[in-house]
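Heads up: the structure comes next, in structure tokens.
The values are calculated or read from the model by the stated rules, or taken from the named source; none is laboratory data. All values derive from a computational prediction rather than experimental measurement. Because the Cβ atoms are built from the backbone with ideal geometry, glycine has one as well, and the counts that use them run over all protein chains shown. Protein only, heavy atoms only, side chains kept; ligands, DNA and RNA dropped before computing areas. Shrake-Rupley method; radii C 1.70, N 1.55, O 1.52, S 1.80 Å.
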Amino acid sequence: MTSHHPRLQWAVPALLLALIYAASLTVYGLSSRTDDDGPFEIGSDEVVVLVTAKSLQPTTDRVQAEVTITVGEDFLHANGDTLNRDITLLLVPSTSHEEIVFRAGASATTFDTEFIATGNAAYWPFDRFEVNPMVVEAYQGLGADRELVPTALLLEGRVDGWKARAEEVAVDTDLSRNGTGAALMFARTGGNLIYAGILLLMMTILAGLAAFVALQTFRRKRAVNTDMLGWMAAMLFAVVPLRGILPGSPPIGSWVDIALTVWVVSTLVASLALFVFCWWRDSEAPGQHEVVATRAPGSE
């Protein structure tokens, strides 16, 4: 019976570690899954605006996207490829292209644009951003003679590290003549949260180990070993790259720095200083043994 106890002591932590590993992979897979709505139908007199999100810049509150259109057969020449009239596309809130014109006689092309998002990157990794409302309207013709045509909006695309969700919202008629728009919302994926949590835990463990060694040495539970000075200094400098590879690159001064990073660095520096004090307190001055040895014969 007793011979199996050591195996059980190793089996329980190994099983717990395997369960945590499997759970992290499951959360990552579920959070990274994308929904496929399948093919969409378009009416003969309708314009479908396709907005493909490409990236999100939290520090500048910008969403980079590609915009193009798919039109019904009433807007195409007999060849079914080129437009038979000019189509003007209105985008709100966009910074680079508020109006995009698709010329008659040409195929619909893709334009790069930016949408203004609202959010706060300082709340990383729980920061959320949204483009609300996103208004997209299509008109036939140019200038004052253009007329609004039935418009549908299709949002797609994948932004690494973010889970996107879109829903229809009602907007003021000053923004949209048909009174409808869409809200595009972004939140961090579960995989990002797990990765961030692991890195923050590693930083905390580094500070805890350094404090443990320094306190044990201060209480004279362990002898002073000067090699530990290099080890503590290495852990101090390890915090910088760990902070730098946090997913999403949270801005300097965000809450995670105030709540954790500053305290980790402070604990490491304090532990290093305490260990240096212990070295000074418990080590002997150079030549002390020689002085004692030369005085010993004269004292007899």
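Quick one: which residue in 264, 276, 256, 291 is more than 17 Å from residue 196 (Cβ to Cβ), in a helix (DSSP H, G or I) and either of a type in the set (Ser, Thr, Tyr) or modelled with pLDDT of 90 or more (or both)? Show your work before the answer.
Numbers: 264 fails: more than 17 Å from residue 196 (Cβ to Cβ); 256 fails: more than 17 Å from residue 196 (Cβ to Cβ); 291 fails: either of a type in the set (Ser, Thr, Tyr) or modelled with pLDDT of 90 or more (or both).
Of 264, 276, 256, 291, the one residue that is more than 17 Å from residue 196 (Cβ to Cβ), in a helix (DSSP H, G or I) and either of a type in the set (Ser, Thr, Tyr) or modelled with pLDDT of 90 or more (or both) is 276.
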Here the residues within region 210-228 that are open to solvent by less than 70 Å² (accessible area, probe 1.4 Å), among the hydrophobic types (A, V, I, L, M, F, W, C) and part of a helix (DSSP H, G or I) are 210, 211, 213, 214, 228
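For region 56-65, name all the residues that are in contact (Cβ under 8 Å) with a residue 60 or more places away in the chain and in contact with an Asp or Glu (Cβ under 8 Å, 6 or more places away or on another chain).
From region 56-65, those in contact (Cβ under 8 Å) with a residue 60 or more places away in the chain are 56, 58-59, 61, 63, 65; that's our starting set.
Residues satisfying the conditions are 58, 63, 65.
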If we keep only residues of region 103-156 that are without any contact (Cβ under 8 Å) to a residue 12 or more places away in the chain and touching a Phe, Trp or Tyr at 6+ places or on another chain (Cβ under 9 Å), then the residue nearest to residue 180 (Cα to Cα) is 147
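Condition test on residue 101, is it part of a strand (DSSP E or B), surrounded by 20 or more Cβ atoms within 10 Å (Cβ to Cβ) and aliphatic (A, V, I, L, M)? First the steps, then the outcome.
On the way: part of a strand (DSSP E or B): yes; surrounded by 20 or more Cβ atoms within 10 Å (Cβ to Cβ): no; aliphatic (A, V, I, L, M): yes.
Taking the combined requirement at face value, the residue does not satisfy it.
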Flagged in region 110-135 as part of a strand (DSSP E or B), open to solvent by less than 60 Å² (accessible area, probe 1.4 Å) and touching a Gly at 6+ places or on another chain (Cβ under 8 Å), in numbering order, are 129, 133, 134, 135
The residue from 76, 89 that alone is free of Cβ contacts under 8 Å to residues at least 24 places away in the same chain, surrounded by 17 or more Cβ atoms within 10 Å (Cβ to Cβ) and over 25 Å from the mean Cα position of the chain (by Cα) is 76
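So if I check each of 207, 223, which one is at pLDDT below 90 and of a type outside the set (Lys, Arg)?
Working: 207 fails: at pLDDT below 90.
None of the other options fit; the residue is 223.
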